[in-house]
Amino acid sequence: MAGTVDNYKLGQLIIEGKTKQVWDLPAVPGHVLVLSKDRITAGDGVKAHDLEGKAVISNQTNAKVFEILNSVGLKTAYVKSAGEKSFIARKCEMVPIEWVTRRLATGSFLKRHPGVPEGFKFNPPLQETFYKDDANHDPQWSEEQIVSAQFKVNELTIGQDEVDIMRRTTVLVFEVLEKAWATRDCALIDMKIEFGVDSKGEILVADVIDSDSWRLWPSGDKRLMKDKQVYRNLSTVTKEDLDTVKRNFKWVADQLDHLTPRTNSLAVVLMGSPSDEDYCKKIAKHCKELGVPCQLRVTSAHKGTEETLKIAAEYEGSTEKVVFIAVAGRSNGLGPVLSGNTCFPVINCPPVKPENVTQDVWSSLNVPSGLGCTTVVYPESAALAAAQVHALHDHIIWSRLRVKQLNNFISLKVADKMIRNMQV
């Protein structure tokens, strides 16, 4: 036994790398403790220096990044911070591939692709893969090489389906963090991540994501870079140089505190009758899953027009960004009245009944000229439409929507694989 770290009794040392150790936790089955080192390296460890304080900063950075990823629903191995230099993660076997995503052409990409100018923008982001092999300097691998290698990781064979899932997830991780950094006027240029497979065969974003993992250019200006490239570029390394690198890393960790601001997005569901409460609660449930705060109100545009306009004015005078969802059947005056008297988006979602579907839907569609309310007929659709409006200004809601799309993709992939295997 190796003693304790941050009050956790350590078991076997599973693996030790250049900048971290991974320890088994006998008292927490299925989990490990990842302990960072005060060490910075480059060039597969050819350049290496002790850097006091780096472990703490790295652990802070990693925690804040994974908290963002977990908050939007991405599946990661990260569980929680354990102490200043360590965190707890789900125990995984690692896929021996680094997944790199690039928004701009720079660094090694330019060496491998002469003629491409620095700053060439990739839309969608460019994704590359590298086999983890320090002795051969992590050679670039094609998707075909990864599939052909047939890696067996925690009893899961890495085939085309698994590669497709990791590729999609890699790009999404980049886009989520790119959107987040953009709120601080900082451009995420490229980054690398790794995946692990847990004992259940689930593929998780794993390892560490810190300032060793990406290029960050404040204001999109390479001269202001705050990442490890500053260290890589040094031909000689002085104490002053190391202090500069450390200050840059600390700046990154501090900025991450501002990447998940309090949302001022709001969906307001107005029902024409209290009898529609259960239907509206379904809308609210879907809104919550997408990270959209939701309020329910009762008002009738026919029976209480003045009160309806008063409610609209209440939200017009707030500082919140509001989307109204009007739930009214029969003669739907609620959505059109709101649309005609507010500049906020209005979504009609009539609580249709089997005996009256045509009339209810037509009532919401056939609105007077000059009105811009849209119509959907399912609670989930109303919540998704509201979330898509808010995604224009709220990167967390945008991320939750993209994760929902990723999860749909993964569910279909897994189902297709099961069906194929049943027919063998």
Open item on the list: Semi-axes of the equivalent ellipsoid for the stretch 188-307, please: Cα gyration tensor eigenvalues, times 5, square-rooted, ordered largest first, whole Å.
Closed with: 50, 21, 10
TODO: Step through the table entries Lys179/Lys226; Lys47/Lys246; Lys64/Lys152; Lys250/Lys288, compare each Cα-Cα distance with 22 Å, and write down the pairs that go over it.
DONE: Lys64/Lys152; Lys250/Lys288
- [ ] Using only Cα atoms, locate the centre of the stretch 275-318 and the centre of the stretch 73-120, then give the distance between them in Å, rounded to an integer.
- [x] 42 Å
Open item on the list: Let's test the formula: R0 of 22 Å, r as the Cβ-Cβ distance of Glu202 and Glu143. What FRET efficiency results, to the nearest 0.05?
Closed with: 0.55
Task: Helical contribution to [θ] at 222 nm, DSSP H n ≥ 4, -39,500 (n - 2.57), averaged over the chain, rounded to 500 - done: -11500 deg cm²/dmol
- [ ] Kindly state, to the nearest 0.05, the FRET efficiency for Val377 paired with Lys285, given R0 = 22 Å and r defined as their beta-carbon distance.
- [x] 0.85
Open item on the list: Compute the helix-to-body angle for 239-255: its Cα long axis versus the longest principal axis of the chain, expressed 0 to 90° and rounded to tens.
Closed with: 20 degrees
Open item on the list: Sort 204-213, 368-377 by the packing proxy (mean of other Cβ within 10 Å over each peptide's residues), most packed first.
Closed with: 204-213, 368-377
Open item on the list: If each residue of separation counts as 0.36 nm, what is the full-extension length gain between Arg297 and His31 once their alpha-carbon separation is subtracted?
Closed with: 91.2 nm
TODO: Please work out the Kirkwood hydrodynamic radius for the stretch 276-366, using every pair of different C-alpha atoms, and report it in angstroms with one decimal place.
DONE: 13.8 Å
- [ ] Would you please put 139-145, 110-116 in order of how densely packed they are, using the mean number of other Cβ atoms within 10 angstrom per residue and starting with the highest?
- [x] 139-145, 110-116
- [ ] Could I have the simple spin-label model distance between Asp134 and Asp38, label points 7 Å from Cα toward Cβ, reported in nm to one decimal?
- [x] 2.1 nm
Task: Rounded tilt (10° steps) of 395-422 against the dominant C-alpha axis of the chain - done: 80 degrees
Task: Rounded Å value of the spacing that divides the Cα centres of the stretch 162-181 and the stretch 205-227 - done: 16 Å
- [ ] Relative to the longest principal axis of the C-alpha atoms of the chain, give the angle of the C-alpha long axis of helix 160-182, reported between 0 and 90° and rounded to the nearest 10°.
- [x] 80 degrees
Open item on the list: Need the C-alpha centroid separation for the stretch 1-71 versus the stretch 387-411, integer Å.
Closed with: 31 Å
TODO: Just subtract the alpha-carbon distance of Lys9 and Thr238 from 0.36 nm times their residue separation and send over the number in nm, one decimal.
DONE: 78.7 nm
- [ ] Can you tell me the FRET efficiency between Asp50 and Trp251 if r is taken as the Cβ-Cβ distance and R0 is 25 Å, rounded to the nearest 0.05?
- [x] 0.75
Task: Eligible lysines near Lys281 by straight Cα distance, threshold 25 Å, same-chain separation 8 or greater - done: Lys303, Lys310, Lys321, Lys353, Lys404
Task: Among the listed pairs Lys18/Lys85; Lys192/Lys413; Lys9/Lys54; Lys54/Lys228, those beyond 19 Å (Cα-Cα) - done: Lys192/Lys413; Lys9/Lys54
Open item on the list: Using just the Cα positions, wrap the chain in a convex hull and report its mean projected area in square nanometres, one decimal place.
Closed with: 26.9 nm²
Task: Percent breakdown of C-alpha pair distances by 10 Å bin, ordered from the shortest bin, for the stretch 29-166 - done: 10, 27, 40, 22, 2, 0
- [ ] Calculate how many DSSP beta bridges within the chain are antiparallel, expressed in % of all such bridges and rounded to the nearest 5.
- [x] 75 percent
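Where a number appears in this text, it was derived from the coordinates with a stated rule and is not lab data. Being a predicted model, the structure only gives us computed values, none of them experimental. Ideal geometry is used to build each Cβ from the backbone, glycine not excepted, and the neighbour counts take in all protein chains shown.
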